[in-house]
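Below you'll find the structure, written out as structure tokens, and then a few comments.
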Amino acid sequence: MNQLDQLPIPLLQWYRENARVLPWRSDPTPYHVWVSEIMLQQTRVAAVLDYYRRFMEALPTVADLAAVEEDRLMKLWQGLGYYNRARNLQKAARQVAEDFGGAFPDTYEGLLTLSGVGEYTAGAIASIAFGVPVPAVDGNVLRVVARISGDGGDIARPDTKARMRAALQAVLPVDAPGDFNQALMELGATVCLPNGAPLCDRCPAADFCTARREERTGELPVKAAKKARRIENRTVFLIFWGKKVALRRRPGRGLLAGLWEYPNELSPAPCPVEAAGLSGGPAGKHIFSHIEWHMTAQIVEAASPELPEGWVWADRAALERDYAVPNAFQAFAGAVEARL
């Protein structure tokens with residue numbers, strides 16, 4: 001991976017000239033860096049900006065996050081998906097409060113002890129917030145390293161990740177580790193794009209990139225194909241009583257744990273309440289990492305306000321303010337809003 005030896009100077013110069021202005025970069029406290037990095041997992045920067053702003057307005061300190069009620073936290077996170085990220089944020093915030101006196105640990109090893117913090121996130125916080133010279137290796141960085149060095153290893157394999165991490169550690173500038181790591185992430189997000197479509201003419205590594213020289217940008221990085229997702233056909237019941245819709249809370253473990261949903265079951269399924277009227281509703285699809293839901297709605301006029309234990313009626317204000325309904329049910333939002 002000798003090509004990486006040439007990377008730091010042109011990369012840092014490129015970053016100084018091209019870095020996007022982002023709120024967590026403008027004020028890189030450990031709390032800001034940590035929350036932004038967790039939000040950015042599986043989510044684009046453009047989608048995160050408004051969530052980050054609202055989150056920081058509501059919970060400006062790690063102590064606020066540690067103390068907030070879970071339903072309020074879920075509502076702030078609604079729409080970002082992967083809700084266990086938010087739960088782990090709160091677990092880690094409580095660790096910071098209880099085990100570290102309210103101040104983030106300032107070492108890579110200490111950060112790794114926090115709930116939901118892996119090697120990448122610990123590296124990002126340590127280098128950006130504390131200036132610790134450790135790499136932060138995410139998917140964008142793996143792609144950049146694979147292409148520049150010509151490494152054909154499967155980037156999903158731990159040994160490939162470890163090899164690339166060690167190669168970056170060897171060239172990491174000790175006086176600017178945070179800028180170097182952010183520059184690599186930025187390069188992967190804006191120039192060294194996935195799916196064989198990099199913008200090589202804009203890249204500071206173009207002159208020494210192996211993939212560009214050998215015309216292998218479409219082949220690198222190598223990543224094993226994922227297993228096919230399981231398809232589930234589900235019936236979603238949009239149950240109304242006047243200007244209210246029925247919600248139930250999902251179980252505390254498993255997919256979308258603890259969130260509120262429109263009642264649904266694997267199809268075919270009987271209506272779960274006594275109905276005075278029943279009609280067809282919209283269809284929707286949602287893709288999780290390992291399951292694909294194909295959903296068809298039934299619009300139900302309830303015969304009485306009685307609901308199964310644990311279910312609630314929510315009017316428009318309560319739905320907007322109190323209940324975190326995940327994006328999996330976004331296809332039915334219009335039909336619900338039209339009735340509330």
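The values are calculated or read from the model by the stated rules, or taken from the named source; none is laboratory data. All figures in this text were calculated on a predicted structure; none of them were measured in a lab. Please note: Cβ atoms are built from the backbone with ideal geometry, for glycine as well, and neighbour counts cover all protein chains shown. Accessible surface areas use protein heavy atoms only, side chains included; no ligands, DNA or RNA. Shrake-Rupley method; radii C 1.70, N 1.55, O 1.52, S 1.80 Å.
Listed residues L112, L59; which is buried (at least 19 other Cβ atoms within 10 Å of the Cβ) and hydrophobic (A, V, I, L, M, F, W, C)?
Just one listed residue meets the conditions, L59.
Every residue in the stretch 229-266 that is more than 23 Å from H290 (Cβ to Cβ) and among the small types (G, A, S), please.
Residues satisfying the conditions are G242, A246.
Quick one: is T210 farther than 30 Å from I291 by Cα, of a type in the set (S, T, N, Q) and open to solvent by less than 40 Å² (accessible area, probe 1.4 Å)?
yes
Which of the numbered conditions does V96 fail, given that it passes all the others? Conditions: (1) modelled with pLDDT of 95 or more; (2) within 21 Å of P326 (Cα to Cα); (3) open to solvent by less than 60 Å² (accessible area, probe 1.4 Å).
Here V96 meets the rest and fails (2).
Give the residue, chosen from R25, R16, R44, R54, that is closer than 18 Å to S127 by Cβ, surrounded by fewer than 17 Cβ atoms within 10 Å (Cβ to Cβ), outside the structural domain of N327 (by the TED database) and out of contact with any strand residue (DSSP E or B) (no Cβ under 9 Å at 6 or more places or on another chain).
Residue meeting the stated conditions: R16.
Given the criteria of a type in the set (D, E), under 30 Å from A283 (Cα atoms) and at pLDDT 95 or above, does E232 qualify?
Here the answer is yes, as E232 does meet what is asked.
Considering each of A197, A167 in turn, give the residue that is within 30 Å of Y15 (Cα to Cα), at pLDDT 95 or above and either open to solvent by less than 50 Å² (accessible area, probe 1.4 Å) or out of contact with any strand residue (DSSP E or B) (no Cβ under 9 Å at 6 or more places or on another chain) (or both).
Step by step, each of A197, A167 is checked, and only A167 is within 30 Å of Y15 (Cα to Cα), at pLDDT 95 or above and either open to solvent by less than 50 Å² (accessible area, probe 1.4 Å) or out of contact with any strand residue (DSSP E or B) (no Cβ under 9 Å at 6 or more places or on another chain) (or both).
Do we have any residue at all in the stretch 80-89 that's part of a helix (DSSP H, G or I) and of a type in the set (D, E, K, R)?
Among the residues of the stretch 80-89, at least one is part of a helix (DSSP H, G or I) and of a type in the set (D, E, K, R), which makes the answer yes.
Give the residue that is nearest to H290 (Cα to Cα), with candidates limited to residues of the stretch 213-228 that are surrounded by 11 or more Cβ atoms within 10 Å (Cβ to Cβ) and under 30 Å from the mean Cα position of the chain (by Cα).
K223
What number of residues within the stretch 259-278 are part of a strand (DSSP E or B) and more than 32 Å from the chain's Cα centre (by Cα)?
Looking only at that region, the number is 4.
Considering only the stretch 145-164, how many residues are touching a residue at least 12 places away in the same chain (Cβ under 8 Å), over 14 Å from K223 (Cβ atoms) and either open to solvent by 40 Å² or more (accessible area, probe 1.4 Å) or not in a loop (DSSP other than H, G, I, E, B) (or both)?
So the answer is 3.
Could you please tell me which pairs satisfy a Cβ distance under 8 Å, a separation of 6+ or placement on different chains, a first residue in the stretch 41-68 that is under 20 Å from L114 (Cβ atoms), and a second residue that is open to solvent by 60 Å² or more (accessible area, probe 1.4 Å) and of a type in the set (D, E, K, R)?
A66/R94
List the number of the failed condition for I287; all other conditions in (1) aliphatic (A, V, I, L, M); (2) open to solvent by less than 40 Å² (accessible area, probe 1.4 Å); (3) under 25 Å from D71 (Cα atoms) hold.
Only one criterion is unmet by I287, namely (2).
Based on this model, can you work out whether E214 counts as in contact (Cβ under 8 Å) with a residue 40 or more places away in the chain and either closer than 30 Å to V132 by Cα or touching a strand residue (DSSP E or B) at 6+ places or on another chain (Cβ under 8 Å) (or both)?
Here the answer is no, as E214 does not meet what is asked.
Anything in the stretch 222-253 that is free of Cβ contacts under 8 Å to residues at least 12 places away in the same chain and either in contact with a strand residue (DSSP E or B) (Cβ under 9 Å, 6 or more places away or on another chain) or assigned to a strand (DSSP E or B) (or both)? List them, or say none.
G242, R250 - these are the residues of the stretch 222-253 that are free of Cβ contacts under 8 Å to residues at least 12 places away in the same chain and either in contact with a strand residue (DSSP E or B) (Cβ under 9 Å, 6 or more places away or on another chain) or assigned to a strand (DSSP E or B) (or both).
Spot the failing condition for V137; the list is (1) β-branched (V, I, T); (2) buried (at least 23 other Cβ atoms within 10 Å of the Cβ); (3) touching a residue at least 40 places away in the same chain (Cβ under 8 Å), and only one is missed.
Among (1) β-branched (V, I, T); (2) buried (at least 23 other Cβ atoms within 10 Å of the Cβ); (3) touching a residue at least 40 places away in the same chain (Cβ under 8 Å), the lone unmet condition for V137 is (3).
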